[in-house]
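Notes for the one structure printed next.
The values are calculated or read from the model by the stated rules, or taken from the named source; none is laboratory data. In this text, all values refer to a predicted model and were calculated from it rather than measured experimentally. Virtual Cβ from ideal backbone geometry, glycine too; neighbours counted across all protein chains shown. Remember, those area values only see protein heavy atoms, side chains included, never the ligands or the DNA or RNA. Shrake-Rupley method; radii C 1.70, N 1.55, O 1.52, S 1.80 Å.
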Amino acid sequence: IVIVMSSWFMVKVRENVKARDLIKSNLNLNFTLAFGCIFLLLQSYLWFHMKSTGVFVGTSGIFGSILYGFTWIHALHMVLGVAGLVYLKFKLTPSGTDLLQKSINVEKFWHFLGVIWIIMFLTIFVL
């Protein structure tokens with residue numbers, strides 16, 4: 001739900017940038033950033049919980065290694081995505097140039113992360 005909400009707010013950022021409404025763009029970008037940070041906090045909680053139950057790299061076989069490997073790589077990319085959101089936040093000014101293209105580029109990466117997480121969640125935790 002956190003990823004879907006962050007993606008929804010990111011869509012709103014692009015729509016507001018397209019309408020040249022930088023106040024709403026920044027507000028929706030703040031929500032996107034907040035949901036991205038919440039996701040990373042929840043991911044950290046998952047790792048600590050897994051470790052406390054004995055699932056850890058090297059001690060729980062291939063499943064633990066794959067689980068940690070995939071989620072750590074995804075978390076690294078999430079940090080890069082959050083950095084992209086912060087970059088966009090600094091660029092969303094009245095004097096900013098190519099705002100729509102910059103927001104579209106960050107949005108594509110953000111949605112890519114969301115799709116990857118949904119696929120990972122389904123394959124690792126559901127199936």
log10 I(q)/I(0) for the chain, Debye formula on C-alpha points only (no solvent), q = 0.23 Å⁻¹, two decimals, reads -1.28
Rank 101, 43, 126 by how far each Cα sits towards the positive end of the charge dipole of the chain (+1 on Lys, Arg Cβ; -1 on Asp, Glu Cβ) and give me just the farthest. 101
Assign unit charges at the C-beta atoms only (+1 for Lys and Arg, -1 for Asp and Glu), then state the dipole size of the stretch 22-127 relative to its Cα centre in Debye, rounded to the nearest 20. 160
Accessible-area composition of the stretch 12-75, carbon plus sulfur, in percent [1.4 Å probe]: 73
Of every Cα-Cα pair in the stretch 19-85, the percentage lying beyond 21 Å is 39
How high is the relative contact order of the chain, given as a whole-number percent (alpha carbon pairs under 8 Å, six or more residues apart)? 31
Averaged per residue, the 1.4 Å probe accessible area of the chain, protein heavy atoms only, in Å², is roughly 59
Along the stretch 24-39, what does the Karplus equation 6.51 cos²θ - 1.76 cosθ + 1.60 (θ = phi - 60°) give for ³J(HN,Hα), rounded to whole Hz, x for Gly and Pro? 5, 4, 5, 4, 5, 5, 4, 5, 4, 4, 4, 5, x, 5, 4, 4
Starting from the Cα-Cα distance between residue 41 and residue 91, subtract it from 0.36 nm times their residue separation and give me the gain in nm to one decimal. 15.4 nm
Per-residue ³J(HN,Hα) for the stretch 78-83, Karplus 6.51 cos²θ - 1.76 cosθ + 1.60, θ = phi - 60°, Hz, x for Gly and Pro: 5, 4, 5, x, 4, 4
Could you give the length gained on full extension between residue 124 and residue 52, defined as 0.36 nm per residue of separation minus the Cα-Cα distance, in nm? 24.0 nm
